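Engineer: Let me begin by handing over the structure; questions about it come next.
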Amino acid sequence: METLTLLALSFDALLNLSLLYLAWILLNCEDLLKAIVLFVAFGLLMALAWVRLDAPDVALAEAAIGAGLTGALLLTALAKLRVIETNKGTTQQLKQDSENFQTLHYMTPLALLLVAIGLGYVVFSMPPISAGLSNDVATNMGNSGVSHSVTAVLLNFRGYDTLLEMFVLLVSLLGVWSFGSTTSQHETTPGPVLDTLTRRLVPVLILVAAYLLWVGAHAPGGAFQAGSVLAAAGVLLLLMGWRPGGYLSTLPFRLILVAGPGLFAITAALLYLLKGQLLAFPVEYAGIIIFALETTATLSIAVILAALFLSEPPHSDKEHI
Amino acid sequence: MEVVFKEFPWVAVLILLPLLGGIVCFLFSGIAKFTGLMTVFFTALSVLGLGWQIFDNGVYRHAVGGWGAPLGIDLYADGLSLLMLAATAFVALGVSVYSAGYFERGYSTRFWPIWLFLLGALNALFLTADIFNLYVTLELMGLAAVALAGLAGGKNALTGAMRYLLATLLGSLVYLLGVALLYHGFGTVDITLLAQRAEASPVIWAAFGLIAAGLMLKTALFPLHFWLPPAHGSAPPPVSALLSALVVKASFYILLRLWLEIFGPLVSNTDVSTLFGLLGAAAILWGSVQALRQTRLKLMIAYSTVAQIGYLFLAFPLATAAGVAAWSAAMYLAFSHALAKAAMFLAAGNMLRFGGHDRISDLDRVVQRLPLAAAAFALAGMSIMGLPPSGGFIGKWLMLEVAIKQGRWEIVIVMILGGLLAAAYIFKVLGHTFTQAPSPHESKAVPASMEWSALLLAIAAVLLGFLAIPVLSLLNIGNPFGISEVTP
Amino acid sequence: MYFYALIGVGLFSVGLYALINYAHLLRKILALNVMGSGIFLILIALAKRTGETQPDVVPHAMVITGIVVAVSATALALTLMLKLAAETGRAELSEKDRD
């Protein structure tokens, strides 16, 4: 028993120090490509940390979104940036932000060290035992319509946060589209490995997404994890060179994009009219409402995330400009 | 009929209507303009409905999902929320009518959905009683604002938007860390419950420091204002109006709300208030001097915002002795500044469109050919300078009164200096009206809707000066500023 | 678990340092992400103080929300960076417009 605890402790210590070390290296290394690769590794280690902290839902979200999709976004952005730099004949080295005054340059590390020490002290000053809202969550689980507590918080107890969050995703896509195209003519053709990999992986990813969505009601999983896994399938297809072309601007496609946030907002409004309360799911229907909201949310999240990765505005928008 | 109005879920309309309207604009770009205008119009009417509701019934609290704090999220509306919602509604109406004429087809389909989401985020922000929910609304507002700021493209606008994005993201993250500490220190993210549970402790101090720093950055309080002039100066004029009039006020509103309810009573030692006051004074002087030095009209107006933000922070040192009076004055100023600054950016947009440039030294040809824009600029300028009978005058007068009563002469002097500098930079523009100038060679017609929306907002800013008593009585519904005095 | 929270503080500080110190926008975006991870770590690590085996799940939901917000912000920032680079040739903020 004691050796097990010791083992766990040393694992935690190792994990923690690696996290901090990786963060330091990735932020200060010369090569941006290396920095991004290390960032993905950092995300995977974070996912491990979430598992160690009994947060499997967060681990899934981190692995899929934090490490996976963010990593893919960063890598494509870097590739596009390299093309732009080659075209413009500019190169960049690791450079300090000369906007910040020279004196500041010596003082920032010191000031930040003080801030860190202060925050560390505050963290330690927290009472060692604090139930937080765990008792409230436990008491009300029976009325939430699901048996998995994180899903209950995300979709029911604090569903209003999630409603607004869906709009955050949507607004970022509208923003990306409104800035216009960032791709140069440069297109790559996938090698045979990627090709085969995609053919095998895409069906698997769709199955995994469906499973995560379904299982979210009673075990770790749910709309965001399922949506990002589904988005990963889309990203693979996009890497293969598949392009949605005109689809992006069609109404059905736009409907899928807004289905998640839209249905959420309409549900909120309807429930206000029927029950006099925003997002007050009737207990007997809560499970089915949450499942409907999560399913549409999964589709919207997947398509929005994949569209963010593509980052090309739909054609019809370009014509107007 | 009256019962229907009193019970009607105005709060739900205020939040959900713009969000759903934005979706419709996105789905059917052909009717985006019409849908957008209708949405903004009915949202503004709902503010009226909510005002009636809380005037009759007192403050409004609604437990989303029926859970109630601390498990669920509560919505809350009192006089302070109402004032911010009203300012948002007025500016939204003016800017929307203006934008209907300003944005041409391609830009129009991109502008409306993002703007309606921004409006929904603002309303949601003013109506929530939950500090984590505030974080989500802050992010929705911030990302929408950045998307709008970069809408026109081009080097300057993109640089401004990028700087803005980095500042707003950093501000949100620092705020979020403060929220994390508060949650783990006191087991709730509901403002009212936090106010009951919180006690002076390292957690409170650290959370206050983080939340204040994050929000000061977002409010662009000197010396954290560096991102504002490029972003507000290079965005399309209607967007600049929204950013300067509403978005920076939203983060100030959160700071004020949390100060009044949670932090003020606990960390209310005079040092913090004095520091806020000092930064406010520095903002007034620095912002005004910089505004005077600008050669471009929109940048001048943007620096003027930096200065006017400073006045809001002067209320902190004054409020330690006279909370209600000082805060009422500050919020009156915030309201009039919202109207006046929106009018000013819109008028500048008209001049920019007409003459094709906004170089102040060459504006004479423009100003004389655009009498309505010049009038709008002049009326809005009255309010910014604080000349009677404008809303800005009432706000500044109320604040001066408090300062004189308390013998805070340093604040009186800063306020007067700020007013003089504002007069200087505004007359630098208006002076052109009276000089002889040859007719411009090339000019582009400005639609009447753009002229009149700017002028009407400016007139509203002046008329606000006659409405001091009703506005102040509405503002004090629910006693938002007296909390620290009633419950020690 | 305090150790995890302390590392969270460390990540926040390291990220903030890099955000201020480096000019390249891609690195600033990475720095913001690392800062966010630090905050999430503090939120989740301290949620284990329930005194029972089950942690407090409300912060878990908050962090999932935070991760989604972070990826949205990152996507917007990267696009803006690319547009800016296409315009100026550099993924940096120039000093000229600052005063």
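Engineer: Restricting to the stretch B:277-308, name every residue that is open to solvent by 10 Å² or more (accessible area, probe 1.4 Å) and either of a type in the set (Phe, Trp, Tyr) or touching a Lys or Arg at 6+ places or on another chain (Cβ under 8 Å) (or both).
Structural biologist: Listed by number, the residues that qualify are B:Trp286, B:Leu292, B:Thr295, B:Arg296, B:Gln308.
Residue by residue, here is whether (1) out of contact with any Cys (no Cβ under 7 Å at 6 or more places or on another chain); (2) more than 9 Å from chain C (Cβ to nearest Cβ); (3) under 14 Å from C:Phe40 (Cβ atoms); (4) surrounded by 23 or more Cβ atoms within 10 Å (Cβ to Cβ) holds:
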residue	(1), (2), (3), (4)
A:Ala23	yes, no, yes, yes
A:Cys29	yes, yes, no, no
A:Leu33	yes, yes, no, no
A:Ala47	yes, yes, yes, no
A:Asp57	yes, no, yes, yes
A:Leu74	yes, no, no, yes
A:Ala77	yes, no, no, yes
A:Arg82	yes, yes, no, no
A:Asn87	yes, no, no, no
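Engineer: Has the stretch B:141-152 got at least one residue that is surrounded by fewer than 24 Cβ atoms within 10 Å (Cβ to Cβ) and facing chain A (nearest Cβ under 9 Å)? Can you show your working first?
Structural biologist: Within the stretch B:141-152, the subset surrounded by fewer than 24 Cβ atoms within 10 Å (Cβ to Cβ) is B:151-152.
Imposing the further condition that a residue be facing chain A (nearest Cβ under 9 Å) reduces the set to B:151.
Yes, the conditions are met somewhere in the stretch B:141-152.
Condition check ((1) open to solvent by less than 20 Å² (accessible area, probe 1.4 Å); (2) hydroxyl-bearing (Ser, Thr, Tyr); (3) within 30 Å of A:Leu279 (Cα to Cα); (4) within 7 Å of another protein chain (Cβ to nearest Cβ)) across all residues:
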{"residue": "A:Pro109", "(1), (2), (3), (4)": "no, no, no, yes"}
{"residue": "A:Pro128", "(1), (2), (3), (4)": "no, no, no, yes"}
{"residue": "A:Gly132", "(1), (2), (3), (4)": "no, no, yes, yes"}
{"residue": "A:Thr139", "(1), (2), (3), (4)": "no, yes, yes, no"}
{"residue": "A:Asn143", "(1), (2), (3), (4)": "no, no, yes, no"}
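Engineer: Out of C:Thr53, C:Thr88, I need the residue that is more than 7 Å from every other protein chain (Cβ to nearest Cβ), open to solvent by 10 Å² or more (accessible area, probe 1.4 Å) and of a type in the set (Ser, Thr, Tyr). Which one? Full working, then the answer.
Structural biologist: Values: C:Thr88 fails: more than 7 Å from every other protein chain (Cβ to nearest Cβ).
Sole residue among the options that is more than 7 Å from every other protein chain (Cβ to nearest Cβ), open to solvent by 10 Å² or more (accessible area, probe 1.4 Å) and of a type in the set (Ser, Thr, Tyr): C:Thr53.
Engineer: Do we have B:Ser81 as more than 20 Å from A:Leu174 (Cα to Cα) and buried (at least 20 other Cβ atoms within 10 Å of the Cβ) here?
Structural biologist: Details: more than 20 Å from A:Leu174 (Cα to Cα): yes; buried (at least 20 other Cβ atoms within 10 Å of the Cβ): yes.
Taking the combined requirement at face value, the residue satisfies it.
Engineer: If I filter the stretch B:53-78 down to residues being farther than 17 Å from B:Ile131 by Cα and either open to solvent by 30 Å² or more (accessible area, probe 1.4 Å) or assigned to a loop (DSSP other than H, G, I, E, B) (or both), which single residue comes out as nearest to the other protein chains (Cβ to nearest Cβ)?
Structural biologist: B:Gly66
Engineer: Taking into account only those residues within the stretch B:386-428 that are touching a Gly at 6+ places or on another chain (Cβ under 6 Å) and among the aliphatic types (A, V, I, L, M), which is nearest to B:Ala322 (Cα to Cα)? Can you show your working first?
Structural biologist: Start the filter on the stretch B:386-428 by keeping residues that are touching a Gly at 6+ places or on another chain (Cβ under 6 Å), which leaves B:386, B:389-394, B:396, B:419, B:426.
Narrowing the set further to residues that are among the aliphatic types (A, V, I, L, M) leaves B:394, B:426.
On the way: B:Ile394: 17, B:Ile426: 32 Å.
Result: B:Ile394.
Engineer: Report yes if A:Gly227 is at pLDDT 90 or above and within 19 Å of the chain's Cα centre (by Cα), otherwise no.
Structural biologist: Numbers: at pLDDT 90 or above: yes; within 19 Å of the chain's Cα centre (by Cα): yes.
The answer is yes for A:Gly227.
Engineer: Let me ask another. Quick check on my filter: what residues within the stretch A:271-295 are closer than 26 Å to A:Gln225 by Cα, in a helix (DSSP H, G or I) and touching a Phe, Trp or Tyr at 6+ places or on another chain (Cβ under 8 Å)?
Structural biologist: Passing the criteria: A:Ile289, A:Ile290, A:Leu293.
Engineer: Kindly indicate whether A:Leu239 is over 27 Å from A:Asp57 (Cα atoms), open to solvent by 30 Å² or more (accessible area, probe 1.4 Å) and within 22 Å of the chain's Cα centre (by Cα).
Structural biologist: Spelling it out, A:Leu239 is indeed over 27 Å from A:Asp57 (Cα atoms), open to solvent by 30 Å² or more (accessible area, probe 1.4 Å) and within 22 Å of the chain's Cα centre (by Cα).
Engineer: Something else: Of all residues in the stretch B:7-52 being open to solvent by less than 60 Å² (accessible area, probe 1.4 Å) and modelled with pLDDT under 90, which is nearest to the other protein chains (Cβ to nearest Cβ)? Walk me through it before giving the result.
Structural biologist: Of the residues in the stretch B:7-52, the ones open to solvent by less than 60 Å² (accessible area, probe 1.4 Å) are B:9-27, B:29, B:32, B:35-37, B:39-40, B:43-44, B:46-47, B:49-51.
Next cut, modelled with pLDDT under 90 only: B:9, B:29.
Details: B:Pro9: 5, B:Ser29: 8 Å.
Ranking the candidates gives B:Pro9 first.
Engineer: Next question, about the same structure. From the list B:Val248, B:Val203, which residue is open to solvent by less than 20 Å² (accessible area, probe 1.4 Å), in contact with a helix residue (DSSP H, G or I) (Cβ under 7 Å, 6 or more places away or on another chain) and more than 23 Å from B:Leu83 (Cβ to Cβ)? Let's see the steps before the verdict.
Structural biologist: Numbers: B:Val248 fails: more than 23 Å from B:Leu83 (Cβ to Cβ).
Answer to the check: B:Val203.
Engineer: Right, here's the next one. If you take the residues of the stretch B:100-125 that are among the polar types (S, T, N, Q) and more than 8 Å from every other protein chain (Cβ to nearest Cβ), which of them is surrounded by the most Cβ atoms within 10 Å (Cβ to Cβ)?
Structural biologist: Keep residues of the stretch B:100-125 that are among the polar types (S, T, N, Q), which gives B:108-109, B:123.
Filter once more, keeping what is more than 8 Å from every other protein chain (Cβ to nearest Cβ): B:108, B:123.
Working: B:Ser108: 18, B:Asn123: 29.
In this case the residue turns out to be B:Asn123.
Engineer: Among the residues of the stretch B:250-272, which ones are free of Cβ contacts under 8 Å to residues at least 60 places away in the same chain and not in a helix (DSSP H, G or I)?
Structural biologist: Result: B:Asn269, single match.
Engineer: Further question on the same structure: Cβ-Cβ below 8 Å, separation at least six or inter-chain, first residue in the stretch A:12-23 and under 14 Å from A:Ala47 (Cα atoms), second of a type in the set (Phe, Trp, Tyr) and at pLDDT below 95: which pairs?
Structural biologist: A:Asp12/C:Phe3; A:Asp12/C:Tyr4; A:Asn16/C:Phe3; A:Asn16/C:Tyr4
Engineer: Please find, among C:Leu76, C:Leu6, C:Leu30, C:Leu26, the residue that is without any contact (Cβ under 8 Å) to a residue 24 or more places away in the chain, surrounded by fewer than 24 Cβ atoms within 10 Å (Cβ to Cβ) and either assigned to a helix (DSSP H, G or I) or more than 7 Å from chain A (Cβ to nearest Cβ) (or both). Give the derivation first.
Structural biologist: On the way: C:Leu76 fails: surrounded by fewer than 24 Cβ atoms within 10 Å (Cβ to Cβ); C:Leu30 fails: surrounded by fewer than 24 Cβ atoms within 10 Å (Cβ to Cβ); C:Leu26 fails: without any contact (Cβ under 8 Å) to a residue 24 or more places away in the chain.
From the options C:Leu76, C:Leu6, C:Leu30, C:Leu26, the qualifying one is C:Leu6.
Engineer: Report whether or not B:Val95 is more than 11 Å from chain A (Cβ to nearest Cβ) and either closer than 23 Å to B:Phe28 by Cα or not aromatic (Phe, Trp, Tyr) (or both). Walk me through it before giving the result.
Structural biologist: On the way: more than 11 Å from chain A (Cβ to nearest Cβ): yes; either closer than 23 Å to B:Phe28 by Cα or not aromatic (Phe, Trp, Tyr) (or both): yes.
Yes; evaluated as a whole, the condition is true for this residue.
Engineer: Please indicate, with yes or no, whether at least one residue in the stretch A:238-245 is touching a His at 6+ places or on another chain (Cβ under 9 Å) and under 21 Å from B:Thr109 (Cα atoms). Show your work before the answer.
Structural biologist: First, the residues of the stretch A:238-245 that are touching a His at 6+ places or on another chain (Cβ under 9 Å): A:245.
Next, from what is left, pick out any that are under 21 Å from B:Thr109 (Cα atoms): A:245.
Yes, there is a match, as at least one residue in the stretch A:238-245 is touching a His at 6+ places or on another chain (Cβ under 9 Å) and under 21 Å from B:Thr109 (Cα atoms).
Engineer: Follow-up. Check the stretch B:399-422 and report whether any residue there is closer than 26 Å to B:Leu352 by Cβ, open to solvent by 10 Å² or more (accessible area, probe 1.4 Å), among the hydrophobic types (A, V, I, L, M, F, W, C) and free of Cβ contacts under 8 Å to residues at least 40 places away in the same chain.
Structural biologist: no
Engineer: Within the group A:Gln102, A:Gln92, A:Gln96, which residue is over 20 Å from the mean Cα position of the chain (by Cα), under 28 Å from C:Leu6 (Cα atoms) and modelled with pLDDT under 90?
Structural biologist: Working: A:Gln102 fails: under 28 Å from C:Leu6 (Cα atoms); A:Gln92 fails: under 28 Å from C:Leu6 (Cα atoms).
After applying the criteria, what remains is A:Gln96.
Engineer: Is it the case that the stretch B:22-43 has a residue that's within 15 Å of B:Phe126 (Cβ to Cβ), outside the structural domain of B:Val471 (by TED's automatic domain parsing), assigned to a helix (DSSP H, G or I) and not charged (D, E, K, R)? Let's see the steps before the verdict.
Structural biologist: We begin by selecting, within the stretch B:22-43, every residue within 15 Å of B:Phe126 (Cβ to Cβ); these are B:43.
Then drop every residue that is not outside the structural domain of B:Val471 (by TED's automatic domain parsing), which leaves B:43.
With the extra rule that they be assigned to a helix (DSSP H, G or I), the set shrinks to B:43.
Checking which are not charged (D, E, K, R) leaves us with B:43.
Scanning the stretch B:22-43, I find at least one residue that is within 15 Å of B:Phe126 (Cβ to Cβ), outside the structural domain of B:Val471 (by TED's automatic domain parsing), assigned to a helix (DSSP H, G or I) and not charged (D, E, K, R), so the answer is yes.
The values are calculated or read from the model by the stated rules, or taken from the named source; none is laboratory data. Not measured: the values here are computed from a predicted model. So basically every Cβ, Gly included, is an ideal-geometry build from the backbone, and we count neighbours across all protein chains shown. For the accessible areas, the whole protein counts, side chains as well, though only heavy atoms, and no ligand, DNA or RNA atoms are used. Shrake-Rupley method; radii C 1.70, N 1.55, O 1.52, S 1.80 Å.
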